[in-house]
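Comments concern the structure below.
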Amino acid sequence: MKNLSILLLILISTSIYGQEAQEGAKKNTMEIMDQKMKEHTEKTKAQWKYNPFRVSAAEKKLIGWLDPNSFITTLWVGDLLSKEQNLTDPNWNLDKAYIFYSIRLASEINPIAFTIDNFTFRLGIAFSADILLLGYSGFEHNYGADIIISDYMRFNMHFDFIWDEKLKFRWTPMVHECAHVSGDYQSDPGFGDAGKKTIPDLGQEGMMFELFYNWQFFTFYGGLQFNLVSNELDAFTTLFGFHLGTDLRVPVWGKINFIAGIHFGLNYEAVNIMNVTADAIEHVSGTKAWYPNVAIGLGFEFDRFIIGAKYSRMRSRHMISYTTYEEKAGIDISIFF
């Protein structure tokens, strides 16, 4: 009986030990599997860390919020303070207008990039299309209550040299800009003969050098632009220009920042006056002078979105009024991709 009790005790102890060993081995297996899964996940994330359509959160600060040359998608709603000077044709019926707004679709694509330690090199292209619209209250103007005034487009091919996501030098060997008007051309009387409804599209090519630096809450940036003049019939050409600006971001809560900015530029531009007929374009006269542009803004940044108030005054990029300044004030929603 005594021997039987001892045998049963040994069997029970062996069973319990074997069960514990089995559970321990199972636990170790699960831990090993979890570790391998984490390693695989981190490796996969590292492989997809670079997105050619989207800059990092840190590098987002190396873009001038108020820089008109930045490729930022925006929706602006407000008032064209200079509308009487810009839209002189009485057919615009400005007394019926209640709102101006513009939509700019923009993006940068950087398909070629590599990083060595803290240095990043990229080759990419960028595109923006800015459409200016006018809304009427209770009045159908030709084709509808809202009409397109004109559009402005910009296309870049650029090389980026970035250090530690705090300093970026951008060389843009090719800049193409062009402007077009809507079907019913009612514009600055400085272009074309009275009553003419046609005018050539305006385009120019050039080169840019830009430098961006992020220091604590501030982003400082500046640039130079040199443009090519193809012939005297180009109605508008920026021969040379430079700009400076700064953005201030102050953390408020989480990913919410208070943001304020100021931008100043000075362009040496040529404006040529032409008479347009069905058979030819006649160059009448031209002027060359320095023209400043300024923009200020403040608002709140929610991760990659900014909602703020903006004011700007610059020579109009829209062909509707190249010989006058365009002064705008309103609410702007910006999206950083």
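For this structure, a couple of remarks:
- If you go through the stretch 71-91 and pick out every residue that is part of a loop (DSSP other than H, G, I, E, B) and over 28 Å from Lys61 (Cα atoms), you end up with 5.
- Any hit, the stretch 233-241, residues being surrounded by fewer than 18 Cβ atoms within 10 Å (Cβ to Cβ) and at pLDDT below 70: yes
- In the stretch 52-64, the residues that are closer than 14 Å to Ile162 by Cα reach residues that are among the small types (Gly, Ala, Ser) with C-beta atoms within less than 9 angstrom, at least six apart or across chains, in these pairs: Ile63/Ser70.
- Remark: Ser102 falls outside the filter, which requires a residue to be modelled with pLDDT under 85, surrounded by 20 or more Cβ atoms within 10 Å (Cβ to Cβ), in a strand (DSSP E or B) and in contact with a strand residue (DSSP E or B) (Cβ under 7 Å, 6 or more places away or on another chain).
- Pair list, Cβ under 6 Å, 6 or more apart: the stretch 106-117 residue assigned by TED's automatic domain parsing to the domain that holds Thr172 and among the basic types (Lys, Arg), other residue in a strand (DSSP E or B) and modelled with pLDDT of 85 or more: none
- Subset of the stretch 35-59 (residues that are assigned to a helix (DSSP H, G or I) and at pLDDT 65 or above): Gln35, Lys36, Met37, Lys38, Glu39, His40, Thr41, Glu42, Glu59
- Beta carbons closer than 7 Å, at least 6 apart along the sequence or on distinct chains, pair a first residue in the stretch 291-303 that is among the hydroxyl-bearing types (Ser, Thr, Tyr) with a second that is surrounded by 15 or more Cβ atoms within 10 Å (Cβ to Cβ) for Tyr291/Asn267; Tyr291/Glu269; Tyr291/Arg315.
- The test for being modelled with pLDDT of 75 or more and more than 25 Å from Lys60 (Cα to Cα) holds for Arg315.
- If you go through the stretch 162-177 and keep only what is closer than 26 Å to Ala57 by Cβ, surrounded by 14 or more Cβ atoms within 10 Å (Cβ to Cβ) and touching a strand residue (DSSP E or B) at 6+ places or on another chain (Cβ under 6 Å), you end up with Ile162, Lys166, Leu167, Lys168, Phe169, Arg170, Thr172.
- Which listed residue, of Tyr143, Tyr152, Tyr185, is at pLDDT below 90, surrounded by fewer than 17 Cβ atoms within 10 Å (Cβ to Cβ) and closer than 30 Å to Leu80 by Cβ: Tyr143
The values are calculated or read from the model by the stated rules, or taken from the named source; none is laboratory data. The structure presented is a predicted model; accordingly, all values stated were derived computationally and were not measured. Reconstructed Cβ throughout: ideal geometry from the backbone, glycine too, with neighbour counts over all protein chains shown.
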